[in-house]
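Undergrad: Take a look at this one; I'll ask things after.
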Amino acid sequence: MSVDENTPILRSCIKLPLATDELLEVTAKAKDYAIMHGAAMRSKTSFSPDSLNFAPFVLVPSAFPRKEFEKAIALQPIINRLMHNVAHDEEFITTTLAETIKVDEFTANLFKIYRKVLAHGFTQRISLGMLRSDLMLESGCPELSPLLHHLADTTKSATTAPVPVPVAVPVPACAPVPAAGGGGDDDDVDEQAALGKVEEAATAFKVGVVRTISKSSAYCCWKQVEINTIASGFGHLGPASKTIQSFVLRELGHAEKLKHMPKNDALAGLCDGMVKAWDIYGKPESVILFIIEDISYNICDQRFHEFYIRETYPHIKVLRRTLTEVHREGKLGQRKELLLGTTEVAVIYFRAGYEPGHYPTQGEWDARYLMETSLAIKCPSIQYHLAGTKKVQQALAQPAVLERFINDPEEIKAVGKIFTGLYSLDDNEVGNANYEMALRTPERFVLKPQREGGGNNVYGMDIPDALKRMTRVERSAWILMDLIHPPLTQGYMVRPGSDMPPQIMDMVSELGIFGVVIGDADNIVHNYQAGHMLRTKLSTANEGGVAAGLGALDSPYLIDSEDEDASN
């Protein structure tokens, strides 16, 4: 993620700033509303199992181009199928991770389980994938070049001298910057105003950036950040953020804006996926098992999944256990069914197990292997877990590799467009060239290991030192990724313990689209898109995890060139 003074700004949902008295009152209400509606977490700084803080949230929803949102929603079932096919390709997973497992102990341990399970044959051939495809808007897209030329022609016709148009620099073309003196006003720039600003536009072209253009400007393409195949959280907190912001908009007298906030049934969609897997297992007395951390800070997000299942399907019981507890209580029955005491487990939903700290002893690894060899349907199965590694994502960014898993040429083209530059750092000719490229221009990249959960990446100018500390072999545990250049939004971020009233901040957002896919190596029986979540962070922050304390809950406010409510 990269922003600078030329980064375009998407228009605000409502006119900002708010009057101080109004802001103080609505923020206080929103904090209480968040806690009372389950948009909350346990504090990491003053932890107590008996208390909650509201989860950080953005006061009003952030703008997101409607066409790009709809495109992401439509593409999710294809991504589900892609990842399902990848997970069931033994040769691809083995070859792709061959160098990584030599130096990454955690991935190597997962891979050992995978090989052992393969050697004995999968007891349960069905897998449940509850995925989250994370994406960011890219303001410098090649697809914008026709618009660039159109704008160049407009500018030339309105000036006496031709304006040079840079070819090599992509031109951000997002919604217009607020009008001067508007204090965050989000009125569209009309045609006369645009013509009256041709000199500024000409200057912008000279530096390769256009920040104020016509109504068609709410366009930025989106690029894939990563695909999560384990512990894809925020199925509750995604919809909860819409609930908070809907309340705020009503309190501020903007109920008419709610129609631009898309429906979000993520909690129901994901939980229904677990229930579909439970139905496939076919044992009425069996339970759904949640694998949890020793301490669950993101407790509401987890518990609301459990409570939804219990309230909607009261005949299905949900248990919560740590890996340590499964090691102590778990065993296999005569049919290799997983038993906790005398209770049979139908579905295992991992909300832990994705980082080394979750396996403090060999006992936790033994528990993971026990579950993988059992008859229970896993979310994710070990092959799905490995399919979600960064190394696999880097391999999938190559068009020739996509053809291995997707048959339809149009689908290959659509998926191929979403990948940003992803580069191997293996000790070979290609990897060594990428290593040198990262040293020369580190500001262009982010360095990623095979980890989930946030806080593990290395950004920009910190990359050379990190790479130089690695041996040639150690580098293969990492991938290099182009930094994405998202547009900015502006709004109020509300955090526990922060100053009041909150200040208007420059922010960037990451959209997650949930998907559910259930099937075996030969057939997919369920495949659907299952809602979304939006995380927003300060534009100066690299990481953006809400649970990690670096981002805030948000939800998309859809905009396009046809919006008739552009002036608030």
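Undergrad: Mind listing the Cα extents of the stretch 1-129 along all three principal axes, in Å, largest one first?
TA: 67, 43, 31
Undergrad: Same structure again: Extension gain residue 427-residue 324, at 0.36 nm per residue separation less the Cα-Cα distance, in nm?
TA: Answer, rounded to one decimal: 33.3 nm.
Undergrad: Between residue 521 and residue 339, what is the label-point separation in nm under the 7 Å Cα-to-beta-carbon projection?
TA: Inter-label distance under the simple model: 2.9 nm.
Undergrad: Karplus couplings for the stretch 307-322 from phi (6.51 cos²θ - 1.76 cosθ + 1.60, θ = phi - 60°), rounded to Hz, Gly and Pro as x?
TA: 5, 4, 5, 5, 7, 7, 10, x, 7, 9, 8, 10, 10, 10, 9, 7
Undergrad: For a Förster distance of 60 Å, can you work out the FRET efficiency between the beta-carbons of residue 407 and residue 495, rounded to the nearest 0.05?
TA: FRET efficiency, residue 407 to residue 495: 0.80.
Undergrad: Give me the orientation-averaged projected area of the Cα convex hull of the stretch 422-544, in nm², one decimal.
TA: 11.4
Undergrad: Do the alpha carbons of any pairs in 242/391; 390/413; 29/259; 263/283; 71/259 sit beyond 30 Å of each other, and which pairs? It would help to have the intermediate numbers written out before the result.
TA: Numbers: 242/391 34 Å; 390/413 21 Å; 29/259 22 Å; 263/283 34 Å; 71/259 19 Å.
Checking Cα-Cα distances, 242/391; 263/283 exceed 30 Å.
Undergrad: Using 7 Å Cα-to-Cβ label points, what is the residue 247/residue 400 separation (nm, one decimal)?
TA: In this crude label model, residue 247 to residue 400 measures out at 5.5 nm.
Undergrad: Right, next: Could you estimate the translational diffusion coefficient of the stretch 423-488 from the Stokes-Einstein equation, with Rh from the Kirkwood formula over C-alpha pairs, at 37 °C and 0.692 mPa s, in whole µm²/s?
TA: Estimated via Stokes-Einstein, D reaches 274 µm²/s.
Undergrad: Bins of 5 Å, beginning at zero and ending with the bin holding the largest distance: percent of Cα pairs per bin for the stretch 342-448, please.
TA: Computed distribution, short to long bins: 2, 9, 14, 15, 13, 13, 14, 11, 5, 2, 1, 0, 0.
Undergrad: If I model a spin label at residue 36 and residue 465 as a point 7 Å from the Cα along the Cα→Cβ vector, what separation in nanometres do I get?
TA: Each label point lies 7 Å from its Cα, and together they span 4.8 nm.
Undergrad: Further, regarding this structure: Based on the mean of other beta carbon atoms within 10 Å per residue, what is the order of 223-232, 341-350, most packed first?
TA: Those peptides, ordered most packed to least, come out 223-232, 341-350.
Undergrad: Placing one identical point scatterer on every Cα of the stretch 285-394 and ignoring solvent, what is log10 I(q)/I(0) from the Debye formula at q = 0.10, 0.12 Å⁻¹?
TA: -0.29, -0.42
Undergrad: Hey, can you grab everything whose amide H is under 5 Å from the amide H of residue 337? Only 5+ residues off in sequence or another chain; H modelled, so Pro and N-termini drop out.
TA: Close amide H contacts, sequence-distant or interchain: 375.
Undergrad: Here is a further query. I want the antiparallel fraction of DSSP beta bridges within the stretch 304-443, as a percent rounded to 5.
TA: Counting DSSP beta bridges with both partners in the stretch 304-443, the antiparallel share is about 65 percent.
Every number here is computed from the coordinates shown, using simple stated rules; none is lab data. Predicted, not measured: the structure shown is a model, and the values here were computed from it. Don't worry about glycine lacking a Cβ; one is built from the backbone with ideal geometry, like all the others, and counts go over all protein chains shown.
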